[in-house]
Amino acid sequence: MQKLPLRPLRLVGLAQRSKEDAVEVKGIDGRGRHTVELVENSAEDMQRQRVTSKKRLDLENSTTMTQHTSDDKPSPGDSEARRLLKRAPNSYLINQIYNLWFFFSSFLFTVLITHAVTTGDYGVYAIIQTFINTIIYLVALGIEDATVTFVPRLLSEFGMGVASQLARYLLALRLIILFVTIALIIFGLPLLATGLALIPITGSAAIAHNLQNPLLSRSSIPIALYVFGSGIGNLFSAFSAAQMRMHIVLIIGSIAQGALLLAGFVLLTIGWGIEGILWLQALVALLNALAFVCWLAPFLLKGAPHHRLPLKNIWQVSISAWLTNLATGALFKQVSIILLGVFLISVENIGYFNLSFQLADAANLLLVSGLTGVGGSALAAAFTGQNHQRLGQTWQALIKVETLLAAPVLVFCLFNAANIPTILYGSKFDPVGPLLTIFLFFNLLVRILGTTIHQSGLYVLGKPRQVVTSHWLSILIVIGVGIICIPIFGAAGALIADGLAKTTTGILLLIFIAPHIPTTQRREVLVFTGRFMLALTLAALPCLLWHPKDRILLGISGCLFIILCLGLLWWIKPLTQPDIELLRGMNPRMASYLKYFSRSRP
C-alpha cells in the first residue's frame, strides 16, 4: 500500500507541540490528491484562537448591525431628495398651466399688434424680436441648465446654504454677461452693422441694413433693458424649478403676462405704436425680474460655511448645454431653410415647410412643456448620493409621463394630418397635410424614445459631451440628407432630413444613458411603450374611415378618440402596481384614478 505524502502545514506562533493536543487537518496536496495531516496545538494557543475568533465574530455582527441601521434610517440628503421628488408632480402641473397661459397670452398679444399697426411696422417689430431672441439665446450660456442640474443635488446633499452659494455665483456670472451685452447693444450696434456690411457673404448686407433701421437705433435702450430683465427673470425661474417651487413662476409670470396684454391694448389704442410696445415690454421684464428677486431673496441670502463648489463640472454642463441649445434652437431649422433656398425651392413651399414644422412641434410640446426644468431637477434630486436605482426609477417615471401626455396628441394629429391644416388655415394650405404627416411621424418616434429625458439624465450623470456630440451630429445629418433629398422631394425632403436627424439623436442619447439605468427599469419602459402605443393605434383606426372637414367635427373626432383610448387602456393596462405605488407616494389622488389602468404582474 502506497504511503500518502504528508506536506507540512506552517503555523505561526506555536512554540510547543504535544500529541494530546493534536488535531486532524484534511487538505489537498500540490498534485490534487487528498491528504491528512496531524497538527499539534497547545491548549494555550487553542484558547487564544477561540478568543480571537469570538472577537472577530462580534466585530462582524456589529458591522452588519451598523449597516442595517444606516440602510433603515435614510440620510438627510435622501430625505431632502425624496421631498423634492414628492413635489415634482405638482410642480409639473403648475408649470404646465403657466406655459399654456403664456402661449395663449402671447398669441393674443400678437393679434393686438397686428390689428393696430401697419404690415411694415409689424415687419420691423418682427425683426427686432428676432434680434432680441437671438441675443437672449447667446447670452444664456447654458446657465439655466446648470442651475436645474446642480442646485437640487447641492440642496439635497449639503443644504439650503450651499445651494444658495451656487445660486449667488450663477447670478453674479449672469450679471457680468448682461452688463457687457447692454453696453454692446447701446453703443456697439452701429459698429456691428458696419462690420457685417464688409463681410462678403450672402445675406450679411441685408442683416447690416436691418441693424441700421432707425427704429432699432432709437429703441436700443428699451431693447437692452428687456434683455436684462429677461435674463434675470429666466435665471430666477430656473432657481424656482430647481427647488420645485413653480407656484412662484405661475404667480409672477401670469401677472406679468396679464399686465402686458392690458397695457399693450391701452398703448396701441392711444396710438403709441411699436416704440411704445418695446418700452412696455422692457418695463414689464424689469418688474418681473424685481418680483423674482424679492420673492427669492431669503434663498439667495441664506448663509452657510463656505463650500467648495464643483465649478469644473458646472462649467462643463453650462457650455455643453449652450452648444446643444444653439444646435437645436438657433441652427437646426435654419439650416433646412438655407438648404431649401440653395436648391431654389419656391417661397410658397418654404412657407409650407415652416408651417408643418411649427404645427408638429406645437403638437409635440402642447402637454409636456411643463416638464421643462422640472424634469431635470427631479433627475438631479434622484441622483443624490450617486443613487442609480432611484435615478432609474425617476427616469422611467418621467418617460412614462411624457409618453402618456404627448403620444395621444401626436397619434391623433398624425391620423388627421391631411385635414388639420385645411380646417385651421383654409384650403390654400392643403399641401401642408402630407408634410405635416411626415414630421408628426418623426416627432412621435423622438417622443417615445424619451430624447429630452435622456439629455437631462446625461447632464446629471456628468456626461454632457455625449449630448453635444449627438446634437451636432444631427446638424451634419440634416445637411447630408438634405443635400440628397431636397432636390428630389422638395420641402418634404427637408422634413425627412430633420426627422432622421432628430431620431438619430434620440437613439444615440438612449445608447449613452442605458448603461447607467438598471435593466429592470429599461425593460419596464419598453413594455409600457409597446402596450400604450398599441392602445393608441387601435383607438385611431376609425380616423382612417372618417375625415372631419370642420372644427366641430374634428372636436367630436377627438372626443371619440379619447373614449376609445380610455377603454383600450383599461383593457391593455400599460401601467404596473409599482408605478401606482410610486405615484401614490407623490400624488395619492392621481394614483386612485390611474389604478384602473395597471396590471398586477409586470
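The values are calculated or read from the model by the stated rules, or taken from the named source; none is laboratory data. The model shown is predicted, which means the values in this text are computed figures rather than measured ones. Counting neighbours? That spans all protein chains shown, and the Cβs are built from the backbone with ideal geometry, glycine included. Remember, those area values only see protein heavy atoms, side chains included, never the ligands or the DNA or RNA. Shrake-Rupley method; radii C 1.70, N 1.55, O 1.52, S 1.80 Å.
Looking at Y137, is it open to solvent by less than 80 Å² (accessible area, probe 1.4 Å) and not polar (S, T, N, Q)?
Details: open to solvent by less than 80 Å² (accessible area, probe 1.4 Å): no; not polar (S, T, N, Q): yes.
No: the conditions fail for Y137.
Can you tell me which residues in region 287-299 are in contact with a helix residue (DSSP H, G or I) (Cβ under 6 Å, 6 or more places away or on another chain) and either surrounded by fewer than 18 Cβ atoms within 10 Å (Cβ to Cβ) or of a type in the set (G, A, S) (or both)?
A289, A291, W295
Could you check, for region 96-113, whether at least one of its residues is in contact with a His (Cβ under 7 Å, 6 or more places away or on another chain), over 20 Å from W395 (Cα atoms) and of a type in the set (A, V, I, L, M)?
Checked region 96-113: no residue is in contact with a His (Cβ under 7 Å, 6 or more places away or on another chain), over 20 Å from W395 (Cα atoms) and of a type in the set (A, V, I, L, M).
When region 261-285 is examined, which residues are found to be open to solvent by 20 Å² or more (accessible area, probe 1.4 Å) and touching a Phe, Trp or Tyr at 6+ places or on another chain (Cβ under 7 Å)?
Result: L261, single match.
Does at least one position in region 363-371 carry a residue that is in contact with a helix residue (DSSP H, G or I) (Cβ under 9 Å, 6 or more places away or on another chain), modelled with pLDDT of 85 or more and among the hydroxyl-bearing types (S, T, Y)?
No.
Go through region 441-464 and report how many residues are on the phi < 0 side of the Ramachandran plot and not in a helix (DSSP H, G or I).
Final tally of qualifying residues: 2.
Out of all the residues in region 295-316, is one or more within 25 Å of F102 (Cα to Cα) and touching a residue at least 12 places away in the same chain (Cβ under 8 Å)?
yes
Take the conditions under 20 Å from E402 (Cβ atoms), open to solvent by 50 Å² or more (accessible area, probe 1.4 Å) and either outside any helix (DSSP H, G or I) or of a type outside the set (D, E) (or both) and apply them to R589. Does it pass?
Working: under 20 Å from E402 (Cβ atoms): no; open to solvent by 50 Å² or more (accessible area, probe 1.4 Å): yes; either outside any helix (DSSP H, G or I) or of a type outside the set (D, E) (or both): yes.
So R589 fails the test.
Regarding region 402-422, can at least one residue be identified that is surrounded by 20 or more Cβ atoms within 10 Å (Cβ to Cβ), charged (D, E, K, R) and part of a helix (DSSP H, G or I)?
Yes - at least one qualifying residue is present in region 402-422.
For region 328-346, what are the residues that are assigned to a loop (DSSP other than H, G, I, E, B) and either crowded, with 19+ Cβ neighbours inside 10 Å or touching a Lys or Arg at 6+ places or on another chain (Cβ under 8 Å) (or both)? Step through it out loud before you land on a result.
So in region 328-346, the residues assigned to a loop (DSSP other than H, G, I, E, B) come out as 343-346.
If the condition is that a residue be assigned to a loop (DSSP other than H, G, I, E, B) and either crowded, with 19+ Cβ neighbours inside 10 Å or touching a Lys or Arg at 6+ places or on another chain (Cβ under 8 Å) (or both), then I345 is the only one that fits.
Testing P305 on (1) under 30 Å from the mean Cα position of the chain (by Cα); (2) open to solvent by 30 Å² or more (accessible area, probe 1.4 Å), one condition comes back false. Which one is that?
(1)
If you scan region 356-391, which residues turn out to be under 15 Å from the mean Cα position of the chain (by Cα), farther than 21 Å from N313 by Cα and either among the acidic types (D, E) or assigned to a helix (DSSP H, G or I) (or both)?
Within region 356-391, N364, L365, S369, G370, L371 meet the criteria.
Report every pair of residues separated by at least 6 positions or lying on different chains whose Cβ atoms are under 7 Å apart, first residue within region 394-411 and over 20 Å from L359 (Cβ atoms), second outside any helix (DSSP H, G or I) and modelled with pLDDT of 90 or more.
Close Cβ pairs satisfying both conditions: W395/I517.
Hey, any hits in region 198-206 for a residue that's modelled with pLDDT of 70 or more, assigned to a helix (DSSP H, G or I) and more than 30 Å from V162 (Cα to Cα)?
No, region 198-206 contains no residue that is modelled with pLDDT of 70 or more, assigned to a helix (DSSP H, G or I) and more than 30 Å from V162 (Cα to Cα).
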